[in-house]
Amino acid sequence: KKENHVFLALSKTIEKHNLPKTLFFDLLHAFKQDVTETRYETFNDLLNYCKHSANPIGRLILHLSNDVSPTNLHLSDKICTSLQIINFLQDIKIDYDKNNRIYMPKNELSRFRINENHINSAISDHLWVEFMDFQIFRVQKILDEGKPLGSRIGGRLGLEIKVITSAAYEILKKLKNINGNIFSQRPVLKKRDWPLILLKALIK
């Protein structure tokens, strides 16, 4: 069967590159969590989800490129977590409509006096703007912490990391420009954005 060939190839790759099996178990944990959990009580709960869903990808890439160190792993986690949360911010409405999921902490929604009707009815009032401002500011700080990874690694992988982080900053800029109103338009990168993103990646 095709599935058997896939798992056989994966097994050989894990053995060849001595990849930590725990990272694959983390990913499986995240898949299960997506089925069983649709709400997150606190930001720490959300970070724990990112630890299993996003961070293993960055760590696997570092293992494959032989760029593993405690510092690199830490910086990679920051980048992967920030990318995951930025995607959550982009897709708040989509996740809710399609899968009845809200990846925003319930205690923070309450703090900003946001309820699910804001999302269901696409209400972008001053409460929503304040809530999104807070989320954007925090995730940018996390991205800032991981940003040095590209320079530390260098080479093609380092450049790719710089491009990814530069693109993430551009999405955050778009989120700010629309005051977090992801209901009227989902901020995405367009062809005209990429030359500047690449330039920023090359000069930083």
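The values are calculated or read from the model by the stated rules, or taken from the named source; none is laboratory data. The model shown is predicted, which means the values in this text are computed figures rather than measured ones. Cβ coordinates were reconstructed from backbone atoms using ideal geometry, including for glycine residues, and neighbour counts include every protein chain displayed. Areas reflect the complete protein model, heavy atoms only, side chains present, ligands, DNA and RNA absent. Shrake-Rupley method; radii C 1.70, N 1.55, O 1.52, S 1.80 Å.
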- Counting only residues that are more than 13 Å from the chain's Cα centre (by Cα) and among the small types (Gly, Ala, Ser), which one in the stretch 136-159 is most open to solvent (accessible area, probe 1.4 Å)? Ser151
- Query: Which number in (1) assigned to a helix (DSSP H, G or I); (2) touching a His at 6+ places or on another chain (Cβ under 9 Å) marks the one condition that Leu83 misses?
  - Reply: (2)
- Item | All positions within the stretch 110-121 that are touching a helix residue (DSSP H, G or I) at 6+ places or on another chain (Cβ under 9 Å), open to solvent by less than 70 Å² (accessible area, probe 1.4 Å) and within 17 Å of Ile94 (Cβ to Cβ) | His118, Ile119
- Any chance the stretch 76-84 includes a residue that's out of contact with any Phe, Trp or Tyr (no Cβ under 7 Å at 6 or more places or on another chain), at pLDDT 95 or above and surrounded by fewer than 20 Cβ atoms within 10 Å (Cβ to Cβ)? no
- Restricting the first residue to the stretch 170-185 and requiring it to be closer than 14 Å to Phe137 by Cα, which pairs with a second residue that is aromatic (Phe, Trp, Tyr) and open to solvent by less than 30 Å² (accessible area, probe 1.4 Å) meet a Cβ separation below 8 Å and a spacing of at least six or different chains? Gly180/Trp128; Gly180/Phe131
- Among (1) under 19 Å from Gln185 (Cα atoms); (2) part of a helix (DSSP H, G or I); (3) open to solvent by less than 20 Å² (accessible area, probe 1.4 Å), the one test that Ile102 misses: (2)
